[in-house]
Structure formats: C-alpha cells, structure tokens
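*Asks:* Take a look at this one; I'll ask things after.
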Amino acid sequence: MPSIAAIRALNLSRVPSTYIPVGVFVGGTSGIGQGMAEAFARMTKGRANIVIVGRNQTAAEAIIAKLPQAAESKYEFVKCDATLMRNVEAASKEIMAKHSKINFLVMSPGFFSLKGFDASEEGIDRKLATHYYARWKFVDGLLPALKSAKAAGEDAKVLSVLGAGYGGPIDIDDLGLKKTFSLSNAAKAAATYNDLMMEEYAERNPELTFSHSSPGAVATNIASSAQSATMRFFAPVMNVAAKVLATSPADCAEYMWHGIFSNTTGAFRIGSRGEEIGKKDYFGDEEQRKALWEHTEKEVRTSSS
C-alpha cells in the first residue's frame, strides 16, 4: 500500500483541471465529511464549489472560513437534519436550485445512540434514517445534477462512507428492522443496505460511479453529539484515546479520495486505505436488492409526503 504522502500526491494529480468541480458533502460539518471537504478544497486550491450539508451552521461557517480562497471559490452551507426524509427532500431541492451539475456527492452523516428502535415522527429509526434512508434519498434527489455533469464530460461520482465489509444477512420480511431491531442488527443491516443501494443505483445509471466505503477506525468527535448525556461526558476521554489509536480525519479523507478517483463507472466497495475490496465479506443477492429498493422507495416517499 502506498504511503499517505504518495496517496496525497496521486490525488493531486487526479483533481479535475478543465472545469470547476462541484462537491456536496452530506455530514460535512465534522469528522470524515469535514476532512473530505477540506481535502477537496486543498486539492483544488479553492477552485471549486463546495456545499456542506449538516445540522450545525456554526461549525460549517468555521470550516468554510478556513478553506483556501480563489477567484472561483464558492462555499455554502445547507442545513439538514438527516433523520427526517422531508428535510432531505428540502435540502436536495435547495441544492438543485443552485447547482445544475454535481461532480462529487460524498455522504458520511452519523447518528450516535445506544437506544433501541428510536422512531422519528416519520416512523423510521433515526440511526437507520441517517445511515441509509437519507443517503438513498439524497442520491435520488441529486441524480439529475450528477447526470448533467456526466453528460458534460465531467466526473459524476457518489460515495457513501459507512461500513463496506461489515454487513450481515438481511431479512426482506423485516426491512427497516421494525420487528428485530438491535444495535448490532442495525449496524450490519445499514452496511448491507448501502452495498445493495449502490449496486442498484449503478445498474439503473451505468454511466455514473457509486461507491460504498469503510473508513476503519477514525479519530472523529461523534460521541460529543451522542443522545446519551453519559457518552457526551466521556467524549473528551474517548477522543484522546482515538487520536492515539485511530487514523486522523485528514488522512482518512485522502484515502477515501484515492478510492473515489481510482474507480470508473459502476458500483464499488472501498476499504480503509481506498483500496477496492470487491465482494469480501459481502451479503445479499439480486432478490434482496430489488426488495430493498422497493421498500426504500415506498418508505422515504411516504415519510416525506
């Protein structure tokens, strides 16, 4: 595996230079999403349009203020609580109103909770909503702009950062886990759902690129936004340990960009160093993929109506 310095150099050589790229970063106000937005701005030297989507406007403004500036720089924030599908729909429409082309859609929103099934007012578990359903809906809503970029001869790539290779078997009679929810089941199901989602989107849109990645252990600050007051209290201690044992968000971002730039059209699964992992630890089949798509289409559209 190349060194992180080699990965950075390779990424720089792959940055689009013949057009001003547009990158949308869902979950870009912290952690891996923030790292990827910052890396994108750094690699393009500010010659980019960057849309940061998330809940924390103050954090987004602080990130944007530190991004490199160029005459072509356009940086903006779109507020969205991704636990609700109606919010995802509104955010997608806001983005589409300003950007007819999108080159890179990166999704890494997280929801840290130790609760059991925690239904939103739309009836979807909040963890699964953030880790799967909202991502499906963002792709669905922004697909016309991705297609426009590809038609113009530009990059058009989607990355969902979650848990490629860490899924498990799914039950098509309990999609959404309303009968058999547990934290373990939710984590494994979301990873498998993301695999199947990317495959189905790729089959329906063969000219585009859809990837699902596993970032490995990354020193993010997700515990600080946990639903549990106890977890928030211990977040600083957990962060110190993570910095020693885990990859930094900046390095993780470079590896993830390496994976994005390396893949052409189709569906891909990416490991923690941006490497293609193929069908390693893969679950699901065509019947389950089709069933999941039909379930999701109904769930997210009913929820946001």
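*Asks:* Go through 98/137; 137/157; 79/115; 101/150; 127/147; 147/290 and tell me which ones have a Cα-Cα distance over 20 Å in this structure.
*Replies:* Distance filter (> 20 Å) returns 79/115; 127/147; 147/290.
*Asks:* Okay, next question. Mind checking which of 13, 211, 108 has the largest fluctuation in a GNM of the chain, springs on alpha carbons under 10 Å?
*Replies:* Comparing 13, 211, 108 in a Gaussian network model of the chain, the most mobile one is 13.
*Asks:* Any chance you could get the radius of gyration and Dmax over the Cα atoms of region 25-103, in Å?
*Replies:* 12.1, 36
*Asks:* Fully extended, how many nm does the chain gain between residue 151 and residue 1 (0.36 nm per residue separation, minus their Cα-Cα distance)? All intermediate terms of the calculation are to be shown ahead of the outcome.
*Replies:* Values: separation 150, 0.36 × 150 = 54.00 nm, distance 3.39 nm.
Answer, rounded to one decimal: 50.6 nm.
*Asks:* Next question, about the same structure. Looking only at 167, 33, 123, which one moves most when the chain is put into a Gaussian network model with springs between Cα atoms under 10 Å?
*Replies:* Sorting by GNM fluctuation, first place goes to 123.
*Asks:* In terms of modelled amide H atoms, which long-range or inter-chain residues lie less than 5 Å from the amide H of residue 270?
*Replies:* Answer set, sorted by chain and number: 212, 213, 214, 277.
*Asks:* Shifting gears a bit: Hey, what's the Cα Rg ratio for region 16-63 versus the globular rule of thumb, 2.2 N^0.38 Å? Could you put the intermediate results ahead of the total?
*Replies:* Values: Rg = 10.5 Å, N = 48, 2.2 N^0.38 = 9.6 Å.
That works out to 1.10 for region 16-63.
*Asks:* Also, I was wondering about something else. If you work out Rg and Dmax of the Cα atoms in Å from the coordinates, which of (i) 24.5, 88; (ii) 19.9, 68; (iii) 18.0, 54 do you get?
*Replies:* This structure yields the entry labelled (iii).
*Asks:* Top to bottom by accessible area (1.4 Å), largest first, where do 293, 136 land?
*Replies:* On the way: 293 20, 136 0 Å².
Ranked from most to least accessible, the order is 293, 136.
*Asks:* Classify region 58-106 as rounded, prolate or oblate from the Cα gyration tensor: take a ≥ b ≥ c as the square roots of its eigenvalues, call it rounded if a/c is under 1.5, otherwise prolate when a/b beats b/c and oblate if not.
*Replies:* oblate
*Asks:* For the chain, set up a Gaussian network in which alpha carbons nearer than 10 Å are linked by springs, and say which option among 129, 151, 191 fluctuates the most.
*Replies:* In the Gaussian network model the winner is 151.
*Asks:* Probe of 1.4 angstrom, ligands and nucleic acids ignored: what's the accessible area per residue over the chain, in square angstrom? It would help to have the intermediate numbers written out before the result.
*Replies:* Details: 12950 Å² over 305 residues.
Counting only protein heavy atoms, the per-residue value for the chain is 42 Å².
*Asks:* If I compute solvent accessible area with a 1.4 Å probe over the protein chains, what percent of it on the chain is carbon and sulfur? It would help to have the intermediate numbers written out before the result.
*Replies:* Working: 6950 of 12950 Å².
After summing per-atom areas, the C and S share lands at 54 percent.
*Asks:* Also, I was wondering about something else. As a test of reading the structure, rank 301, 126 by solvent-accessible area (1.4 Å probe, protein chains only), most first.
*Replies:* Putting 301, 126 in descending order of accessible area: 301, 126.
*Asks:* Here's something else I'd like to know. How much FRET efficiency would the formula 1/(1 + (r/R0)^6) give for residue 179 and residue 96, where r is the Cβ-Cβ distance and R0 is 35 Å, rounded to 0.05?
*Replies:* Step by step, r from the Cβ atoms, then E = 0.45.
*Asks:* Here's another thing I want to ask about it. Helix-derived [θ] at 222 nm for the chain: sum -39500 (n - 2.57) over DSSP H runs of at least 4, divide by residue count, nearest 500?
*Replies:* When only DSSP H runs of four or more count, the value is -15000 deg cm²/dmol.
*Asks:* 7 Å from Cα along Cα→Cβ at both residue 10 and residue 114: what's the point-to-point distance in nm?
*Replies:* 4.0
*Asks:* Which cross-chain or sequence-distant (5 or more) residues have an amide H under 5 Å from the amide H of residue 80, H modelled 1.01 Å from N in plane?
*Replies:* The answer is 54, 55.
*Asks:* Of 75, 133, which has the most accessible area and how do the rest follow, probe 1.4 Å?
*Replies:* 75, 133
*Asks:* Based on the mean of other Cβ atoms within 10 Å per residue, sort peptides 22-30, 176-184, 60-68, 260-268 so the most packed one is first.
*Replies:* 22-30, 260-268, 60-68, 176-184
The values are calculated or read from the model by the stated rules, or taken from the named source; none is laboratory data. Predicted model, so just to flag it, every value in this text is computed and none were measured. FYI the Cβ positions are ideal-geometry reconstructions off the backbone, even for glycines, and counts take in every protein chain you see. All accessible areas refer to the heavy atoms of the entire protein, side chains included, with ligands and DNA or RNA removed. Shrake-Rupley method; radii C 1.70, N 1.55, O 1.52, S 1.80 Å.
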